[in-house]
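The values are calculated or read from the model by the stated rules, or taken from the named source; none is laboratory data. Keep in mind it's a predicted model, so treat the numbers as computed, not measured. Quick reminder, even Gly has a Cβ in these numbers, built from the backbone with ideal geometry, and neighbours come from all protein chains shown. For accessibility, only protein heavy atoms count, side chains too; no ligands or nucleic acids. Shrake-Rupley method; radii C 1.70, N 1.55, O 1.52, S 1.80 Å.
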Amino acid sequence: MLRGTPPILAMVPLTASLDVLAGVGIAAVRAKSVRLTSYALDLVDAWLAGLGVEVASPRASARRGGHVTLRRPGFREVVDRLWDRGVIPDHREPDNVRIGLSPLSTSFAEVHAGMSVLRAELSAQR
């Protein structure tokens, strides 16, 4: 912004997303973020704990942001297969996966579907 003109066409989606954010309010966004991450943690506990997955993120919603980090040896290879199946988490060395849950664009059905794919991949390794 200090040098030159920002790319105007690239800023149009930003403007639209800011309009959405202003329309719902930050409190509603945070509330959905808490519900999404809590739901993801519930699925981890129910589906993945028995497959060697540990939660690395804080369990208390007041201490975590809009993502959940999971830990398990060998996650690097699992992440590659998840990407092949359309589930796009971030790998964090040495053995973590970060699942970003954007409250404005992520549905509970998408969380369920993504965690189902993760469970299937981990189960296939057994």
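Numbers at a glance
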{"quantity": "Criterion (within 19 Å of the chain's Cα centre (by Cα) and part of a helix (DSSP H, G or I)) met by exactly one of 9, 41", "calculated": "41"}
{"quantity": "Any hit, the stretch 15-27, residues being of a type outside the set (Lys, Arg), open to solvent by 80 Å² or more (accessible area, probe 1.4 Å), assigned to a loop (DSSP other than H, G, I, E, B) and at negative phi", "calculated": "no"}
{"quantity": "Failed item, numbered, when residue 120 is tested on (1) surrounded by 12 or more Cβ atoms within 10 Å (Cβ to Cβ); (2) under 17 Å from residue 42 (Cβ atoms); (3) free of Cβ contacts under 8 Å to residues at least 24 places away in the same chain; (4) of a type outside the set (Phe, Trp, Tyr)", "calculated": "(2)"}
{"quantity": "Some residue of the stretch 81-99 being touching a residue at least 40 places away in the same chain (Cβ under 8 Å), open to solvent by less than 50 Å² (accessible area, probe 1.4 Å) and more than 13 Å from the chain's Cα centre (by Cα)", "calculated": "no"}
{"quantity": "Qualifying positions in the stretch 46-68 - outside any strand (DSSP E or B), surrounded by 13 or more Cβ atoms within 10 Å (Cβ to Cβ) and among the charged types (D, E, K, R)", "calculated": "64"}
